[in-house]
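Following: one structure in structure tokens, then a few remarks.
The values are calculated or read from the model by the stated rules, or taken from the named source; none is laboratory data. Quantities reported herein were computed from a predicted structural model and do not represent experimental measurements. We place every Cβ from the backbone using ideal geometry, glycine too, and count neighbours over all the protein chains shown. These area figures cover heavy atoms from the full protein model, side chains too; ligands, DNA and RNA do not enter into them. Shrake-Rupley method; radii C 1.70, N 1.55, O 1.52, S 1.80 Å.
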Amino acid sequence: FQTLRHSDLATDPYDQLAMVAHEAFHVYQDKMAPDKEVDDMLLLYYPVLSIQNNVGFAQEGSALADALRATSGDEFRRAAVRWLALRKDRRSALPPKAVQYEDGVEFTEGLAKYTEYRLFQVLEGQRPGPPMSWAQGFVGYADLAPQREQLIEMLVRHMSGAVNVNNDPYGTAPLRMRLYYSGMAMGVLLDRLSPDWHSRIFEPDSSLTSLLEQALKPSAADLRQAIEEARRGAGYADLVKNKTKLADDGKARAETAVKEIETGPGIGLIVDYSQLVAPKLGMGYTPFGITVVDGGRTIFTQVPIKVIFGKQGEVTQTVVTPLLRDTERKLVRFRLPRVATRVEVEKKLESTMANGGTAADLVLDLPGATIKAAKAQIRWSGDDLTIVMLEAATR
């Protein structure tokens, strides 16, 4: 607090204008293409800590920034072709669902971020209305190059991994945010290469990447040369080294988080849905709080999580605590708040346990969570309370 200044609390009027444009575009976007909304469950297939992918992303960010800052047509095209070559090479190692996720976020959030950049182009030189003079920090629209440059700088920082989003460098939050900026830059490139792209992007099968590839039409030799030059470039070895360390540290942190959920202090709650014939899982979560441990295990954080097992039941957290979903073992688990005692929990279970631990139409309010089940078996194993969802006829 000693270093907090009054200016740190002030709202930047240009940021406010950008936010209005960003959010207003989402309304228009939803009207034009309601079926192109991104599916955040695709994040579960994304190799967030892939060394090759993160190196490629950083190099893409540099190429996009070079294209946006280019002062000649030749310089612009070389940078744009370099970006496309890097993207095609990087994506060749990604699962199709990961590519689908990138395209989706670049469409939804990337285009909204693009409207911010575009706003600072169309407003430049305009005369502001008198009320704008009341906004602290507003100096007019004569020169908005600093605002555009700030967006370019953030593009480079996010795509290189220099920004620690949500204080989680190993989770999905940094990935999601970098797609805001890559989508922004791709829109600006398309303005120069294919002016009719604004309507085409709303077509069901179009993406920013496909539109740019159609506009650039590089030769195979051009793409190959761009990749070779990028890998010989200054800083490539350091990028690989840094992203290797990120992957190693991230894997270690994920395993530590799993251990804390499985064996940490207090009471562990396990909801086992392995006995359900065809569980239709639905989840409420934020895409900014996901850590993929491996192909079967994912940790969800940041907000209280809700997991729905079709008509058979649900578990809803009432406080924020890391939740582990294990699709191979078919269970979700987390720890109840440390203040929760076994005596308190067992009192909540009295009527159920008197029935031999089996209950129909279960509604269980525990400290930190609510569990509902059409039919369930409840048992203790050490400090873990396990609720086994059982198949039941539902109306």
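Listing for the model above:
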{"read-out": "Accessible surface, 1.4 Å probe, highest first, among residues Tyr236, Tyr45", "value": "Tyr45, Tyr236"}
{"read-out": "Solvent exposure ordering (accessible area, 1.4 Å, most first) of Tyr28, Tyr181", "value": "Tyr28, Tyr181"}
{"read-out": "Gain upon complete extension [Ser381, Glu228; 0.36 nm per residue less C-alpha separation]", "value": "49.4 nm"}
{"read-out": "Positive-pole candidate from Leu64, Ala392, Leu179, dipole of the chain, charges at beta carbon", "value": "Ala392"}
{"read-out": "Contour minus Cα-Cα distance for Asn166 and Val303 (0.36 nm per residue)", "value": "48.1 nm"}
{"read-out": "Inter-centroid distance (Cα atoms) of region 122-175 relative to region 186-212, Å", "value": "23 Å"}
{"read-out": "Leu94 accessible area, 1.4 Å probe, all protein chains in place, Å² to nearest 10", "value": "20 Å²"}
{"read-out": "Accessible area (Å², 1.4 Å probe, nearest 10) - Met283", "value": "40 Å²"}
{"read-out": "Kirkwood estimate for region 244-345, i.e. one over the average of 1/r between Cα atoms, Å", "value": "14.5 Å"}
{"read-out": "Alpha-carbon Debye profile of the chain, log10 I(q)/I(0) at 0.08, 0.10, 0.12, 0.13 Å⁻¹", "value": "-0.55, -0.79, -1.01, -1.11"}
{"read-out": "Given Lys113/Lys245; Lys31/Lys217; Lys97/Lys251; Lys36/Lys113; Lys88/Lys243, the pairs whose alpha carbons are separated by over 24 Å", "value": "Lys113/Lys245; Lys31/Lys217"}
{"read-out": "Sparsely packed GluC sites (Glu not before Pro) within region 66-136, loop by DSSP, other Cβ within 10 Å at most 15", "value": "Glu124"}
{"read-out": "Solvent-accessible area per residue, Å², over the chain with all protein chains present [probe radius 1.4 Å]", "value": "50 Å²"}
{"read-out": "Solvent-accessible area, 1.4 Å probe, carbon plus sulfur percent, for the chain", "value": "51 percent"}
{"read-out": "Contour minus Cα-Cα distance for Thr327 and Thr370 (0.36 nm per residue)", "value": "13.4 nm"}
{"read-out": "For region 259-333 versus region 24-77, the gap between their alpha-carbon centres in whole angstrom", "value": "29 Å"}
{"read-out": "Region 28-169, dipole about Cα centre (Lys/Arg Cβ +1, Asp/Glu Cβ -1), debye to the nearest 20", "value": "340 debye"}
{"read-out": "Kyte-Doolittle at least -1.0, axis length at least 30 Å by Cα - qualifying DSSP helices, the chain", "value": "173-193, 236-263"}
{"read-out": "Area projected by the alpha carbon convex hull of region 288-335, averaged over all directions, nm²", "value": "3.6 nm²"}
{"read-out": "About the Cα centre, charge dipole magnitude for the chain (Lys/Arg +1, Asp/Glu -1 at Cβ), debye", "value": "620 debye"}
{"read-out": "For region 141-286, with +1 on Lys and Arg beta carbons and -1 on Asp and Glu, the positive-most of Gly264, Leu276, Val240 along the dipole", "value": "Val240"}
{"read-out": "Whichever aspartates and glutamates have a C-alpha closer than 19 Å to that of Lys259, once near sequence neighbours (fewer than 8 apart) are set aside", "value": "Asp168, Asp248, Asp249, Asp272, Asp294, Asp326, Glu328, Asp383, Asp384"}
{"read-out": "Radius of gyration, Dmax [region 47-98; alpha carbons; angstrom]", "value": "12.2, 37"}
{"read-out": "Paramagnetic reach from Tyr45 in region 82-103 [backbone N under 16 Å; point 7 Å along Cα→Cβ]", "value": "91-103"}
{"read-out": "Under 13 Å from the Glu124 label point (7 Å along Cα→beta-carbon), backbone N, region 62-87", "value": "68-71"}
{"read-out": "Estimated FRET transfer efficiency when R0 is 35 angstrom, pair Gln275-Lys251 (beta carbons, to 0.05)", "value": "0.65"}
{"read-out": "Charge dipole (debye, nearest 20) of region 304-395; +1 at Cβ of Lys and Arg, -1 at Cβ of Asp and Glu", "value": "180 debye"}
